[in-house]
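Asks: Handing you a structure now.
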Amino acid sequence: MREMARNRHELQLGLLALALAATTIVFSAADSLVFRRVAYPAADRLITFDTRDAKTGRSGGGFASASVLDEWRKQTDLLSGVHGHLYKTIFLVGSGEPELVPAADVTVGLIDMLGVRPRWGRTFSADDTQQTDVHTVLIAEAIARQRFGDPARAVGQRIETTAEPLQVVGVMPASFRFPDGSQRIWRVFDPRGPLAQNMGISLIARIADG
């Protein structure tokens, strides 16, 4: 009996090692220097994902699907939050000079997970993804001053673009940088929408305490 128990234990350890190895091949989580340069709370617990081919080990460019996002969100013992984002450019028109602005689409809760709050206004809510006539956005303080003079006046205003209008719900502090420091507009998006399905999502997560 003792020998059987030992063999069973060794088998369990072997299966665990194989599972961990397979996970490492498919997903490689790497600490990002960008997060450590910005004053996010516990920035060393923020990670990004690099998808890899399980057979060849080749990088997939870090893009995932909504179903992969859902699967990682189930790992609550490992991760306290998992969110997605897409790189964008938005062409602003209307008042002020026409301007092509680097931007990012982000899922609801991503900004909150980073531990940063708008200096004026609020962050995104689930209701924001239900709007069809206008897209809800957060904007950088520089954009708010450029377009509206006083950043506090920007909250609740609309910004015209060559596509759909943008509704400003908050203004981020000048120190905010995400994903790479060049973005000045953050638009809420549904990871199950057609845009995400066609392009794939970049994932970011926070490691759970302990």
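Asks: Among the residues of region 131-164, write down those that are farther than 23 Å from SER182 by Cβ and open to solvent by less than 20 Å² (accessible area, probe 1.4 Å).
Replies: Residue satisfying the conditions is VAL134 alone.
Asks: Let me ask another. Is there a residue in region 49-67 that is of a type in the set (A, V, I, L, M), without any contact (Cβ under 8 Å) to a residue 40 or more places away in the chain and not in a strand (DSSP E or B)?
Replies: yes
Asks: Let me ask another. Kindly list, by first and then second residue, each pair from a residue in region 68-87 that is touching a residue at least 12 places away in the same chain (Cβ under 8 Å) and in a strand (DSSP E or B) to a residue that is of a type outside the set (D, E, K, R) and open to solvent by 90 Å² or more (accessible area, probe 1.4 Å), limited to pairs with Cβ atoms under 8 Å and residues at least 6 apart or on different chains.
Replies: Taking only residues 6 or more apart or on different chains, the pairs are LEU86/MET199.
Asks: Still on this structure, please answer the following. Here are the criteria: (1) assigned to a loop (DSSP other than H, G, I, E, B); (2) crowded, with 20+ Cβ neighbours inside 10 Å; (3) out of contact with any Phe, Trp or Tyr (no Cβ under 8 Å at 6 or more places or on another chain). Tell me which single one PHE178 does not satisfy.
Replies: (3)
Asks: How many residues, within region 67-107, are among the hydrophobic types (A, V, I, L, M, F, W, C) and either open to solvent by 50 Å² or more (accessible area, probe 1.4 Å) or touching an Asp or Glu at 6+ places or on another chain (Cβ under 7 Å) (or both)?
Replies: The number of residues fulfilling the criteria is 6.
Asks: For region 134-162, which positions are in contact (Cβ under 8 Å) with a residue 60 or more places away in the chain and not in a strand (DSSP E or B)?
Replies: Pass one, region 134-162, residues in contact (Cβ under 8 Å) with a residue 60 or more places away in the chain: 159-162.
Selection gives GLU160, THR162.
Asks: Return the pairs, sorted by first residue and then second, in which the second residue is modelled with pLDDT under 80 and aromatic (Phe, Trp, Tyr), the first residue lies in region 181-210 and is open to solvent by 60 Å² or more (accessible area, probe 1.4 Å), the beta carbons are less than 8 Å apart, and the residues are 6+ apart or on different chains.
Replies: MET199/PHE63
The values are calculated or read from the model by the stated rules, or taken from the named source; none is laboratory data. Note that the structure is predicted; figures quoted are calculated from it, not measured. Note that each Cβ is placed from the backbone with ideal geometry, even for glycine, and that neighbours are counted across all protein chains shown. Each accessible area value is taken on the protein alone, full model and side chains, heavy atoms only, with ligands, DNA and RNA left out. Shrake-Rupley method; radii C 1.70, N 1.55, O 1.52, S 1.80 Å.
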